[in-house]
Amino acid sequence: MHERAPLQPVIVAGAGIGGLAVTLALARRGMGVELIEQSSQIGEIGAGLQLGPNAFAALDALGVGDALRASAVFTECLVMMDAVDASEIASVAVGEAFRQRFGNPYAVAHRADLHNALFQAVRSHPSVSIHTGAKITEVAFDDAGASVATEDGRAFEGAALIGCDGVKSVVRLALLGDTHRVSGHVVYRAVVPLERMPHDLRMNAPVVWAGPNCHLVHYPLRSGREYNLVVTFHSRDDEVWGVADGSRDEVLSYFEGIHERPRQLLSCPTSWRRWSTADRDPVATWSAGCATLLGDAAHPMMQYLAQGACMALEDAVTLGAAIDEVGPNFKEAFRLYQEARVARAARVVLSVREMGRLYHASGVERLVRNSLWVGRTAERFYDALEWLYAWRAGEALAPARGV
Ligand SMILES: Cc1cc2nc3c(=O)[nH]c(=O)nc-3n(C[C@H](O)[C@H](O)[C@H](O)COP(=O)(O)OP(=O)(O)OC[C@H]3O[C@@H](n4cnc5c(N)ncnc54)[C@H](O)[C@@H]3O)c2cc1C
């Protein structure tokens, strides 16, 4: 690790999971950070998150793995069910053998618990200045540094800028000028207390009920005291990316053809939030001069592999490793980081789209999907997941070296 910290801080745009993780990576290296968040409070939405073993490898490298392990639920298996006839399509054990294979568990956690673990660690570093209610509207950067200005007239200068400002990133707009792709897939999310969860669905697993143009997911949170529910469908309307209050009638109208067992989930929440989702086509360049992108700003993806936040955590660790390698020469560090990350993140974005097709198959495609994994052993599932889950912090830069 290089000893000399730069005189100017790094500007991190956005204090979501990606922004906090990279702030922590920089602060642990003695660097100053201006962390700039548009919301008046630093926080996360009330919903759950699945964390693959690769996320724990990244969290350990950031020093917060154990904080997360304390609040996460370690699941027993990953389950896919057919939402039309309630038959089991696949079940993959993620107990001891899985942990041995990947060195870490598969877990589910409340987003607030992950966010808070990162935030508490960030706050313990005096080199980090946190600015809330600060919506970035102007961005400038070159080979020597970067600056941003906020809607309310504040201005910040730094040695570099890391855009962690999500799907509709203003940093990305300045850097690449491309636009997001509204998927037309709408997600409703809710967290329900245990007592509202049907008894036959209280499973210690992320369970996906795959239906025609729709699916439902549930898993426990906080020692099983709560359950996370997510339902997704292909909207009939022209969608715009964003979040709104949900309507129960709308949800019900998309799940008329599915089996009563998953359908009972739709009565569990007393209120829903509605997300119209988006991703972007993968690009080869995330960096220019002393600016780069991270997390959803770099590679927004749909949720079908439950990997968006996991990838943001991996990004943060990799960016830290790149700085260890080249020192605070940000242009060079960002080039190295990009080289190490672009292909892997793109593979996830594209695999997620394929997964979405499998989840939402109908007709003969549904029959094909249901036959894909019949009789497959856990070992063969693990082999297929190796590329995704066996990521190691110590080898984060290996792809940039052609390894
Ligand atoms: C339904 C659903 C389920 C998911 N499930 C999983 C899962 O199980 N596992 C998983 O790993 N991932 C999951 N994801 C993906 C995951 O939520 C995201 O990939 C992750 O939260 C991205 O974090 P981020 O910090 O990059 O972006 P964000 O969380 O979007 O954070 C961006 C931050 O930047 C701030 N910001 C934006 N614009 C500005 C601006 N102009 N100025 C200042 N601040 C700004 C925002 O307020 C926000 O705080 C899921 C996503 C969805 C939609």
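The values are calculated or read from the model by the stated rules, or taken from the named source; none is laboratory data. Because the structure is a prediction, the values reported are computed rather than measured. Here the Cβ positions follow ideal geometry from the backbone for every residue, glycine too, while neighbour counts run over all protein chains shown. Each accessible area value is taken on the protein alone, full model and side chains, heavy atoms only, with ligands, DNA and RNA left out. Shrake-Rupley method; radii C 1.70, N 1.55, O 1.52, S 1.80 Å.
The residues of segment 112-130 that are open to solvent by 40 Å² or more (accessible area, probe 1.4 Å) and not hydroxyl-bearing (Ser, Thr, Tyr), listed by number, are Asn116, Gln120, Arg123, His125, Pro126, Ile130. Residues in segment 181-195 that are open to solvent by 50 Å² or more (accessible area, probe 1.4 Å) and touching a Gly at 6+ places or on another chain (Cβ under 9 Å): Leu194 alone. Of all residues in segment 102-121, those being under 16 Å from the mean Cα position of the chain (by Cα) and either among the charged types (D, E, K, R) or closer than 17 Å to Ala21 by Cα (or both) number 10. Each residue in segment 224-244 was checked for being open to solvent by 50 Å² or more (accessible area, probe 1.4 Å) and more than 22 Å from the chain's Cα centre (by Cα), and 4 of them qualify.
Mind checking which residues of segment 273-286 are open to solvent by less than 20 Å² (accessible area, probe 1.4 Å) and in a loop (DSSP other than H, G, I, E, B)? Matches in segment 273-286: Arg280, Trp286. Condition check for Ser91 on (1) over 28 Å from Val167 (Cα atoms); (2) assigned to a helix (DSSP H, G or I); (3) not aromatic (Phe, Trp, Tyr): one failure, at (2).
Determine, yes or no, whether Gln41 is within 11 Å of the ligand (Cβ to nearest atom), open to solvent by 10 Å² or more (accessible area, probe 1.4 Å) and not hydroxyl-bearing (Ser, Thr, Tyr). Judged against the criteria, Gln41 is a match.
Among the residues of segment 44-62, those that are open to solvent by 20 Å² or more (accessible area, probe 1.4 Å) and modelled with pLDDT of 95 or more comprise Gln50, Asp60, Ala61. For segment 9-44, a tally of residues being in contact with a His (Cβ under 6 Å, 6 or more places away or on another chain) and hydroxyl-bearing (Ser, Thr, Tyr) returns 0.
Taking the stated definitions as given, is Thr137 over 25 Å from Gly30 (Cα atoms), open to solvent by less than 40 Å² (accessible area, probe 1.4 Å), among the polar types (S, T, N, Q) and under 27 Å from the mean Cα position of the chain (by Cα)? Walk me through it before giving the result.
Numbers: over 25 Å from Gly30 (Cα atoms): yes; open to solvent by less than 40 Å² (accessible area, probe 1.4 Å): no; among the polar types (S, T, N, Q): yes; under 27 Å from the mean Cα position of the chain (by Cα): yes.
Answer is no for this residue.
Is it the case that some residue within segment 226-240 is away from the ligand (no atom under 16 Å from the Cβ), part of a loop (DSSP other than H, G, I, E, B) and among the hydrophobic types (A, V, I, L, M, F, W, C)? Within segment 226-240 (the criterion being away from the ligand (no atom under 16 Å from the Cβ), part of a loop (DSSP other than H, G, I, E, B) and among the hydrophobic types (A, V, I, L, M, F, W, C)), the answer is no, since none of the residues qualifies. The set of residues in segment 154-180 being surrounded by fewer than 18 Cβ atoms within 10 Å (Cβ to Cβ) and within 14 Å of the ligand (Cβ to nearest atom) consists of Arg154, Ala155, Lys168, Leu173.
Against the conditions (1) under 21 Å from Asp165 (Cβ atoms); (2) surrounded by fewer than 19 Cβ atoms within 10 Å (Cβ to Cβ), Ala70 satisfies every one except (1).
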